[in-house]
Structures are given as structure tokens and as C-alpha cells.
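Remarks on the structure that follows.
The values are calculated or read from the model by the stated rules, or taken from the named source; none is laboratory data. Just so it is clear, the structure is predicted and the values come from calculations on it, not from any experiment. Methodologically, a virtual Cβ is constructed for each residue, glycine included, from the backbone with ideal geometry; neighbour enumeration extends over all protein chains shown. Heavy atoms of the whole protein, side chains included, go into the accessibility calculation; ligands, DNA and RNA do not. Shrake-Rupley method; radii C 1.70, N 1.55, O 1.52, S 1.80 Å.
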Amino acid sequence: MRTCTDAMRLEFAAGQTVTLQDAIGTRIACLSGSLWITQEDEGRDVVLSPGEEVRLDRKGKTVIYAVNQSLGLAFESREAATDTPWWKRLGHAWLCHCMGLGMRCSAWRRAYRF
């Protein structure tokens with residue numbers, strides 16, 4: 001079972017960049033707009049549209065560039081400890097899911113001004 005440990009909301013103006021250092025294992029999700037992601041020593045770049053996500057698999061610098069005004073979510077995932085009771089692991093996974101869903105819903109409302 002994989003659970004999220006930390007989540008960070010990323011709000012970008014058009015043309016804004018963010019650099020992450022050694023963010024291996026971090027997942028980046030695009031909630032609105034478009035994000036262009038490039039990793040150090042990676043032969044390909046990734047462009048995310050709303051609803052898409054990517055898992056960073058390289059050490060070193062990762063640059064996230066907003067093609068236009070964008071909203072993203074960055075979260076780290078790790079293996080749950082095996083000595084943790086199943087109900088705590090399930091509760092934590094449910095909390096992380098709801099938190100991510102809430103951020104997606106608020107991004108949707110903000111994008112469409114509800």
C-alpha cells in the first residue's frame with residue numbers, strides 16, 4: 001500500500017518556474033492550465049494537461065514551467081510501515097485521497113469562478 005505523506009499546492013502565473021532539488025518519488029499533478037516538467041539527465045520532457053500527473057524518477061534538479069496560468073499539486077508517496085495497524089493505514093490513505101480531491105475541487109471552482 002502506498003500513502004501520501006505531504007502535499008503542496010502549486011499556483012503558477014504564466015511563464016513562472018519552480019526548481020525542485022532531489023525530488024525523486026514526488027508526484028506532480030496538473031489541476032488546471034499546462035505544466036512543462038524537465039528533469040536533470042532525462043532525455044525527455046513532460047507536458048501535463050489538467051487531470052494528468054507524473055512521478056519524478058531522477059535525482060538532481062527538476063524544473064516545472066507554467067505554460068499558462070496553472071494550478072498543480074505536488075505530493076510525496078512512500079511505503080506504509082508494516083507494523084502500523086491496517087485501520088490506521090486505511091484512514092491515512094483515505095485522508096490523503098480526500099485532501100487531494102478537495103484541492104482538485106477548489107481548483108475547478110476557482111478556474112470556473114463558482
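Among residues of the range 20-36 that are touching a residue at least 24 places away in the same chain (Cβ under 8 Å) and under 13 Å from ALA74 (Cα atoms), those with a Cβ under 6 angstrom from a residue that is basic (Lys, Arg) and outside any strand (DSSP E or B), sequence gap 6+ or separate chain, pair up as ILE24/LYS59; LEU31/ARG104. Among the residues of the range 4-46, just one is aromatic (Phe, Trp, Tyr) and closer than 21 Å to LYS59 by Cβ, namely TRP36.
Right, GLN69: polar (S, T, N, Q), out of contact with any helix residue (DSSP H, G or I) (no Cβ under 8 Å at 6 or more places or on another chain), open to solvent by 60 Å² or more (accessible area, probe 1.4 Å) and at pLDDT 85 or above or not?
So GLN69 passes the test.
Here the condition is being touching a helix residue (DSSP H, G or I) at 6+ places or on another chain (Cβ under 9 Å) and either at pLDDT 90 or above or β-branched (Val, Ile, Thr) (or both); of GLY33, GLY15, it holds for GLY33 alone.
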